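Peer 1: Please read through the structure below; I'll follow up with questions.
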Amino acid sequence: MLYLVIGLVLFLGVHSVGIFAPHWRERKIRDLGESRWKAVYSLVSAVGLVLLIYGYGKARWDPVVLYVPPAWTRHATALLMLPVFPLLIATYFPGRIQSALKHPMLVAVKLWAFAHLLANGMLADVLLFGGFLTWAVADRASFRWRAPKPVPQAAAPSWRNDAIAIVAGLALYVVFALWLHVHLIGVPVAPVAMP
């Protein structure tokens with residue numbers, strides 16, 4: 001569990017610098033230069049991500065049960081996950097989705113985290129998904145006092161980008177649900193059968 005906690009602190013901590021210490025962040029970018037700052041940021045993120053993945057996997061071998069979700073929550077999770085991949089793609093393909101939601105990636109993270117909290121009741125799950133949900137809510141709330149950073153765009157705004165985000169996102173959802181989730185995470189998603 002310690003690796004998971006350290007990984008979350010590093011990964012979410014470095015991603016929270018712009019939320020809680022924007023002036024410090026700007027000063028460090030000036031002092032180090034943008035390339036060095038990005039290198040340090042990327043290194044800390046990568047170490048945090050590796051530790052949280054390793055820690056989460058290790059914690060699943062000795063689970064601490066906080067709550068036992070009912071069977072229907074697996075279906076709710078599958079349904080809540082439907083827009084996640086389209087929203088992630090819409091972050092980089094500007095269109096009506098992006099203009100309506102402002103930051104589709106944060107909406108995707110919130111849906112992903114909440115959906116997984118519904119269907120998973122182990123301490124490691126609550127730490128991982130609860131940590132990401134808390135971070136995404138805090139990041140979105142911080143837009144009240146700071147301007148969101150621009151996201152590099154893959155194309156000019158258009159309705160076609162919404163179509164690309166939806167079609168490609170739903171295709172990714174199917175691939176992830178049918179094959180990748182079980183191979184990467186070790187937990188089958190489909191078919192979800194009622195008891």
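Read-outs: derived from the displayed coordinates by stated rules, not from any lab. All values derive from a computational prediction rather than experimental measurement. Here the Cβ positions follow ideal geometry from the backbone for every residue, glycine too, while neighbour counts run over all protein chains shown.
Peer 1: Apply the Karplus parameterisation 6.51 cos²θ - 1.76 cosθ + 1.60, with θ equal to phi minus 60°, to every residue of the stretch 119-124 and state each ³J(HN,Hα) to the nearest whole Hz, in sequence, with x for glycine and proline.
Peer 2: Using θ = phi - 60°, the values come out as 9, 10, x, 7, 4, 4 Hz.
Peer 1: Would you give the gap between the C-alpha center of the stretch 60-78 and the C-alpha center of the stretch 117-139, rounded to a whole Å?
Peer 2: Going from one Cα centre to the other spans 13 Å.
Peer 1: Pairs of alpha-carbon atoms within less than 8 angstrom and 6+ residues apart define the contacts here; what relative contact order does the chain have, in percent? Mind showing how you got there, number by number?
Peer 2: Numbers: 243 pairs, mean separation 50.4, N = 195.
Computed over the chain, the figure is 26 percent.
Peer 1: Pairs on different chains or at least eight residues apart, Cα atoms closer than 19 Å: how many lysine pairs in the stretch 26-154 fit? It would help to have the intermediate numbers written out before the result.
Peer 2: Values: Lys28/Lys38; Lys28/Lys149; Lys38/Lys149; Lys102/Lys110; Lys102/Lys149; Lys110/Lys149.
Final tally of qualifying lysine pairs is 6.
Peer 1: Would you work out the charge dipole size for the stretch 1-53 about its Cα centre, treating the Cβ of every Lys and Arg as +1 and the Cβ of every Asp and Glu as -1, and quote it to the nearest 20 debye?
Peer 2: Details: 6 positive and 3 negative charges, 26 e Å.
Dipole size: approximately 120 debye.
Peer 1: Where the Cα atoms of the chain are projected onto their three principal axes, how long is each span, largest first, in whole Å?
Peer 2: 57, 44, 29
Peer 1: Next up: Spelling out what I want: for every residue of the stretch 157-173, take phi, set θ = phi - 60°, compute 6.51 cos²θ - 1.76 cosθ + 1.60 (Karplus), and round to whole Hz; glycine and proline get x.
Peer 2: x, 6, 5, 4, 5, 4, 5, 4, 4, 5, 5, 5, x, 5, 5, 4, 4
Peer 1: May I pose another question? To the nearest 20 debye, what charge dipole does the stretch 63-195 have about its Cα centre, counting +1 at the Cβ of each Lys and Arg and -1 at the Cβ of each Asp and Glu?
Peer 2: On the way: 9 positive and 3 negative charges, 91 e Å.
Value, rounded to 20: 440 debye.
Peer 1: Right, next: Which peptide among 46-53, 24-31 comes first, and what is the full order, when sorted by highest mean count of other Cβ atoms within 10 Å? Let's see the in-between values first.
Peer 2: Numbers: 46-53: 17.2, 24-31: 12.5.
Order by mean packing, descending: 46-53, 24-31.
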